[in-house]
1. Given the options E269, E353, E180, state which has the largest fluctuation in a GNM of the chain using a 10 Å cut-off (strictly under) for Cα springs.
2. I need to check one value: relative contact order of the chain, counting alpha carbon pairs closer than 8 Å and at least 6 residues apart, in percent.
3. Using Cα centres only, tell me the gap between the range 1-51 and the range 152-201 in whole Å.
4. Identify which of T342, T216, T57 has the largest mean-square fluctuation in a Gaussian network model of the chain, with springs joining Cα atoms closer than 10 Å.
5. At a threshold of 8 angstrom on Cα-Cα distance, excluding pairs fewer than six apart, so keeping six or more, what relative contact order does the range 21-122 reach in percent?
6. With 20 Å as the limit, write out which pairs from K237/K294; K103/K294; K46/K209; K182/K294; K117/K209; K138/K237 have Cα-Cα distances beyond it, or answer none.
7. Pick from D325, D251, D286: which residue has the top mean-square fluctuation in a GNM of the chain where Cα pairs under 10 Å get a spring?
8. Would you mind pulling out the separation of the Cα centroids of the range 87-104 and the range 228-286, in Å?
Amino acid sequence: MTALSTEHLSALAQQSVELPSWAFGNSGTRFRVFATPGTPRDPFEKIADAAQVHAYTRLAPVVALHIPWDRVESYDALRRHAEDLGVTLGTVNSNTFQDEDYKFGALAHHDARIRRKAIDHHLECIDIMDETGSRDLKIWLAEGSNYPGQNDMRDRQDRLQDSLQQIYARLGDEQRLVLEYKFFEPAFYHTDVPDWGTSYAQVSALGEKAMVCLDTGHHAPGTNIEFIVMQLLRLGKLGSFDFNSRFYADDDLIVGAADPFQLFRILAEVIRGGGLNNPDVAFMLDQCHNIEDKIPGQIRSVLNVQEMTARALLIDREALTAAQDANDVLAANAVVMDAFYTDVRPQLAAWREERGLAADPMAAYLASGYQQRIAEERVGGVQAGWGA
Ligand code: LRH
Ligand code: MN
Ligand code: MN
């Protein structure tokens, strides 16, 4: 059996996954939100829960915020709280999808007052980034139209570019803007940033500090996502991932749960394109845990990312190139499949023990008593933000 080399193991040791604060709050579908005992009551408790994931896996040292869901009086206090718990604050996500004013759009709106309000929200997010020490401002826009003729799609692109330029101009030297695309929802006819090409066109016109964010759940079924990963890395414009998995639409389920092979293929292209442990590419999760406990859900998620990264590292590149050069279709495919089918779990368990971690982080967390403690101590947890 192929084994992970020392080089592979040191690449894995550097891997860092960013957790979304909203994964620790209650969430659900539009039919029902089921509360989980122990749900955090404020952003400080969300950070504390995220720190548990890192403590048991040493894979998740950064926590992303969503504004206004994570609005607090003192971001400096939140930052110090995170650092005391061994994690740092990461990407700041803006939110223009829950305000009545944004019914017909935000950054692409034809009404100057609403567009101004949306731009100002992003400037506030950058002020927060200054305090939290965050590098990235992530923008996802719930903008588009439901019916042909409802809006002038081209004018909206122009206004979007103008809004983004105003936001971009406020970024500090070390800060970046990442623009996330999504092919539908909440608009169903047209979406202003539906695909990587549009995001790429919009961010390229801004400059070097603007990149594309690829959310794995935001593509049509059957899309070859690893091709997009390859292309964005090739163009130097892959700024971040929002990892999750989907069966039907934007399901936000645990990454690697629906299709581990797809996650493996994506990570294989990340490695091939120099994206692994590349500071230019942030590995974020964007998930919600509707029915399962949140901390174990996040532990499972980061372990899935690590496991598929390890398998992708096992691809024998020399043998693959030789088979490709010889047009040996089946041999080339076999090289990839051999890596995918290798069980790396025993080696990863040993890797953890060498670092003073439990071989089985999930079991260790469940045995720790933390889950019972928060269930007793916290009453009346907040929703993931969807309603708060
Ligand atoms: C939109 C999205 C975006 C939001 C998050 C809560 O579907 O993926 O990243 O910020 O969900
Ligand atoms: Mn997302
Ligand atoms: Mn999404």
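1. Taking springs between Cα atoms under 10 Å, the residue moving most is E353.
2. Numbers: 712 pairs, mean separation 89.5, N = 388.
Reported relative contact order: 23 percent.
3. 27
4. Evaluated over the chain, the most mobile residue of the options is T342.
5. Over the range 21-122, the number comes to 21 percent.
6. Numbers: K237/K294 32 Å; K103/K294 31 Å; K46/K209 29 Å; K182/K294 25 Å; K117/K209 23 Å; K138/K237 14 Å.
Beyond 20 Å: K237/K294; K103/K294; K46/K209; K182/K294; K117/K209.
7. D325
8. Comparing the Cα centres of the range 87-104 and the range 228-286, I get a distance of 22 Å.
Only the coordinates and a few stated rules stand behind these numbers; no lab work does. Given the structure is predicted, the values throughout are model-derived calculations rather than measurements. Here Cβ is always computed from backbone atoms with ideal geometry, including for glycine, and neighbour counts include all displayed protein chains.
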